[in-house]
Amino acid sequence: MKKLFTLFVLICPLLALAQQTRQISGQVLDRADGAPLVGATVFIAPEETQAKDYNPQGTIAYEQGRFAFKLPVSVKKVVVSYLGYEAQTLDISGKSNFTIYLSATESKMDAVVVTGYQRIEKRKLTSSISNVKMSDIARDGVASVDEMLSGSIAGLTSTPTTGAPGAASKIKIRSTVTLNGNTDPLWVLDGMPLEGNDIPSDWSSKDNIDNLYNMSIAGLNPADIEDITVLKDAAATAIYGARAANGVIIITTRKGSRNQATRVNVSASLFVTDRPNLEKLNLMNASQKVDLELGLAANGTLDFMKNMGGVARILDKAGERSTLVNGGNFSSLSPETQSAINALRKDGTDWGKEIYRVALNQQYSISLSGGGNKASYYFSGGYYNEQGTTEGTGFERLNLTMKTDYDLLKNLRFGASVFVGQNKNSSYITDTDSFTSPSRYTRTVNPYLSAYNPDGSYLYDPDMTYNLGNEETILDFNYLEERARTDYTLKTRSIKTIFDLDYKPVKGLRLYTQFGLQVDDSWTEKMAQENTYFVRKYNFYSRQDGKSFLPKGGIIQNWNGDLSQYNWKAQAEYSGTFAKKHELDLMAGLEMRGVTSTTVHTKGFGYDHKTMSSKPLDFPDDSNYANDSRFKQYLKSFYENRYLSYFFTGS
């Protein structure tokens with residue numbers, strides 16, 4: 001009986017969500033001759049941010065250029081594109097079948113592609129490379145460039161690791177290339193490969209989410225980016241070695257222009273995100289849920305978790321479950337029991353309004369750029385503040401960028417860049433169990449449940465349980481109590497500096513050297529006061545002879561990590577033409593880099609958030625709790641590596 005009930009509760013939200021999609025279909029043709037464009041892509045327009053997490057984001061036109069695409073009903077625009085043709089943004093409001101004509105583009109592709117080591121004319125490329133201008137994919141209200149890449153480049157997928165503001169995204173280029181290893185691409189900033197962008201392969205586990213800080217590239221202000229190049233196949237990434245097995249994403253930042261007066265750009269944006277409307281999920285109200293529970297209780301053959309639910313508790317307390325089973329209808333119950341059950345038909349707390357809110361998103365940036373005959377400069381600052389629609393969550397970012405280059409001699413140029421960023425994520429503990437997630441709890445909580453007792457104290461949800469073997473143990477849980485008495489803060493600070501010298505002694509020959517330094521620091525703190533489900537669960541784990549050995553109080557955890565790397569490369573390039581028809585391109589160089597990373601994890605028990613002090617642990621004799629990872633109070637990891645490589649290419 002209870003199995004059917006559980007399946008029904010889980011399937012209801014999925015059915016409701018499924019009802020919120022529609023299908024469009026049509027045909028994509030060449031405007032010039034009407035020929036079908038097989039392989040054309042139809043995808044959700046980037047400005048449709050409310051559907052950024054919908055999967056799939058698009059489809060492909062197959063035989064005769066025909067396509068069919070199921071997408072959320074909230075989407076009003078899609079983009080239709082085909083290589084060599086001008087993309088078209090299509091308004092799909094009020095219509096489901098379309099015939100789209102695309103015009104061949106007359107604009108020529110950019111002459112040069114930046115690969116991080118050299119600039120190559122596109123006509124000489126034989127590998128798979130994609131390039132996009134930041135102005136084409138920029139979206140206001142999006143925190144970082146890894147989110148903006150979603151749906152912008154063929155073969156690249158970007159999946160948020162969590163729904164929290166500012167969460168890092170898991171990026172894959174050309175799908176999964178390994179089952180157990182790392183699948184993250186290599187990020188390169190103005191020629192310097194970045195460290196600290198790898199997301200654990202098991203990033204969905206609780207421990208990794210706790211300590212998952214923003215990727216180093218996420219600390220970069222998208223307004224400072226000029227364009228993005230993605231190297232996809234082995235031919236394109238070979239020069240980077242094994243670390244580029246999952247692809248390479250190259251970021252080229254903005255810089256000042258020579259012989260240009262000072263230019264000042266200021267931008268400010270404010271966005272309002274409405275509270276999620278849970279009514280669209282078509283969940284049961286209190287009266288409907290009571291009727292469902294009465295039907296389940298009247299079926300005497302259902303035994304799975306039969307004590308769950310308000311109706312079951314009332315029947316068992318009155319000793320009238322058998323009366324309902326044998327009588328088969330509600331009128332067979334006593335008037336007192338009927339009255340108690342009917343009292344549940346009144347809706348309790350509106351959990352959608354308690355958990356979610358109308359959120360504000362602020363974004364500001366200012367930049368100054370210009371230059372003279374021998375020098376150029378670029379300076380920018382940015383501030384980003386995003387409130388999560390989930391109450392109590394948010395993300396802040398501060399950025400500072402400085403770039404300059406100067407001609408030391410007629411053929412010798414010096415350049416310097418500094419990127420400084422600071423991020424802060426704020427939240428509370430939502431990953432203790434699956435039902436403590438806000439999106440799940442609002443869909444599974446009984447609609448007649450109230451958040452508070454009549455005296456104003458927290459009313460604990462008796463239907464959220466923790467099972468140990470065949471014994472069912474109920475731990476007190478109230479969602480609003482967890483939000484008020486737990487805290488989660490993540491801070492990251494990053495500085496990246498790049499210095500380079502560019503010397504051209506004779507025509508066609510270029511000598512180039514670059515030194516880059518990256519320093520990232522992160523601090524994570526996760527705190528729960530004594531009267532929380534998080535601490536109650538720890539006390540449950542630590543029971544010895546029916547009593548917890550943990551000291552009275554809360555729990556605090558800290559992760560402190562630092563990462564530093566240096567990268568130096570020197571290379572020589574030659575490009576020349578002989579007999580007016582023979583072209584020769586050569587490049588040779590060496591690269592040296594070193595990476596050091598340290599992480600320290602501490603955990604304190606019996607924590608008092610007022611005095612900010614914790615107490616020592618006293619493990620019971622003849623127990624193995626001291627080896628349990630849940631109770632280890634200090635862990636440290638250290639990683640260090642050095643690399644030296646040589647490279648040569650010629651054509």
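Observations on the model:
- Within the stretch 573-589, if we keep just the residues that are exposed (fewer than 14 other Cβ atoms within 10 Å of the Cβ) and part of a strand (DSSP E or B), the residue that is farthest from the chain's Cα centre (by Cα) turns out to be Phe578.
- Test: residue in the stretch 239-247 that is farther than 30 Å from Met402 by Cα, in contact (Cβ under 8 Å) with a residue 12 or more places away in the chain and open to solvent by 60 Å² or more (accessible area, probe 1.4 Å): yes
- Screening the candidates Ser365, Ser269 for the property of being farther than 30 Å from Gln20 by Cβ, open to solvent by less than 40 Å² (accessible area, probe 1.4 Å) and within 36 Å of the chain's Cα centre (by Cα) yields one hit, Ser365.
- Hits in the stretch 272-314 (condition: open to solvent by less than 70 Å² (accessible area, probe 1.4 Å) and part of a strand (DSSP E or B)): Thr273
- Helices (runs of 4 or more DSSP H) within the stretch 129-232 that include 1 or more residues out of contact with any Pro (no Cβ under 8 Å at 6 or more places or on another chain) and either at pLDDT below 75 or within 30 Å of Thr513 (Cβ to Cβ) (or both): 145-148, 206-210
- Lone qualifier among Asn307, Asn246 - being under 30 Å from Ala588 (Cα atoms) and of a type in the set (S, T, N, Q): Asn246
- Candidates in the stretch 346-362 are the residues that are of a type in the set (Lys, Arg) and open to solvent by 70 Å² or more (accessible area, probe 1.4 Å); of these, the one that is nearest to Ala138 (Cα to Cα) is Lys353.
- Among the residues examined, Lys255 qualifies as touching an Asp or Glu at 6+ places or on another chain (Cβ under 9 Å) and either in a helix (DSSP H, G or I) or surrounded by 18 or more Cβ atoms within 10 Å (Cβ to Cβ) (or both).
- Taken across the stretch 491-501, residues that are out of contact with any Gly (no Cβ under 7 Å at 6 or more places or on another chain), farther than 20 Å from Val595 by Cβ and open to solvent by 40 Å² or more (accessible area, probe 1.4 Å) do occur, with at least one present.
- Among the residues making up the stretch 397-414, those that are surrounded by fewer than 19 Cβ atoms within 10 Å (Cβ to Cβ) and either out of contact with any strand residue (DSSP E or B) (no Cβ under 7 Å at 6 or more places or on another chain) or closer than 19 Å to Leu220 by Cα (or both) are Leu398, Leu400, Met402, Thr404, Leu409, Lys410.
- Each residue in the stretch 517-556 was checked for being in a strand (DSSP E or B), crowded, with 19+ Cβ neighbours inside 10 Å and not hydrophobic (A, V, I, L, M, F, W, C), and 6 pass.
The values are calculated or read from the model by the stated rules, or taken from the named source; none is laboratory data. This is a predicted model, so every value here is computed, not measured. Heads up, the Cβs are rebuilt from the backbone with ideal geometry, glycines too, and the neighbour counts pull from every protein chain shown. Side chains included, ligands, DNA and RNA excluded: accessible areas come from the protein's heavy atoms. Shrake-Rupley method; radii C 1.70, N 1.55, O 1.52, S 1.80 Å.
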